[in-house]
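Have a look at the structure below before the remarks.
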Amino acid sequence: MTLPEGYKIRRIEKKDYEGVVETLAVLTTVGNLTREQFESIVDYWNSVQMYHDKSIYKYNPSVIVDVNTDEVAAVGNIILEQKLIHEGGICGHIEDIAVSKNHQGKKLGKALLGYLSDLGFQSGCYKIILDCNEKNVKFYEKCGYSTTAIEMQKRK
């Protein structure tokens, strides 16, 4: 899927703090994440690489931004997990897909999901999985994903 005119996808940068936090708040509770914490996490994401036929980032936090204003319009991440199964294959985990209130209805979520999925397969993933709220299942099905398991969790 191509992006609408006036948008681009790039890796999250430290300058994206406010836009990323505001956009993620559409999805879930962000809490009191300070700029310093955000910048430290971005540094960490940028430092962790793995090797699977080529050097790749383990964390791939991405944003769609308005090219005119550099405003964050959408955010998401694909985390690559090296497995022992599938001959040491890689499983991609897509997380935290959110579109800013100001940019909804422009198919940016679908474009970002397509970008992250392509990135995962180009990095060697044998599968890409994601968890979502039941109300979002139809959206992810439209993007080519299917229900194949049940998520279980235990929280503190």
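The values are calculated or read from the model by the stated rules, or taken from the named source; none is laboratory data. Remember, predicted model here, so these are calculated numbers, not experimental data. Backbone-built Cβ (ideal geometry, glycine too); neighbour counts: all protein chains shown. Remember, those area values only see protein heavy atoms, side chains included, never the ligands or the DNA or RNA. Shrake-Rupley method; radii C 1.70, N 1.55, O 1.52, S 1.80 Å.
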- Query: Among 42, 20, 63, whose mean-square fluctuation peaks in a Gaussian network model of the chain (Cα, cutoff 10 Å)?
  - Reply: 42
- Task: Pop the C-beta distance of residue 69 and residue 137 into the FRET formula with R0 = 35 Å and round what comes out to the nearest 0.05.
- Result: 0.60
- Task: Please report the relative contact order for the chain, taking Cα pairs under 8 Å with a sequence separation of at least 6, and give it as a percent rounded to a whole number.
- Result: 22
- Given (1) 1.90; (2) 1.04; (3) 0.98, the label whose value is Cα Rg over 2.2 N^0.38 Å derived from this model: (2)
- Do any of 54/127; 58/135; 8/83 go past 26 Å between their Cα atoms, and which? 58/135; 8/83
- Surface accessible to a 1.4 Å probe, residue 11 within the full protein complex, Å²: 60
- For every helix of n ≥ 4 consecutive DSSP H residues, a contribution of -39,500 (n - 2.57) applies; sum these over the chain, divide by its total residues, and give [θ] at 222 nm rounded to the nearest 500 deg cm²/dmol. -8500 deg cm²/dmol
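Run the numbers on segment 24-76 and let me know its relative contact order in percent, using alpha-carbon pairs under 8 Å that are six or more apart. Walk me through the numbers on the way to the answer.
Working: 39 pairs, mean separation 11.1, N = 53.
Answer for segment 24-76 is 21 percent.
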- Message: Per residue, how large is the accessible surface of the chain? Use a 1.4 angstrom probe and give square angstrom.
- Response: 64
- Task: Report the accessible area of residue 27, computed with a 1.4 Å probe over the heavy atoms of all protein chains in place, in Å² rounded to the nearest 10.
- Result: 80
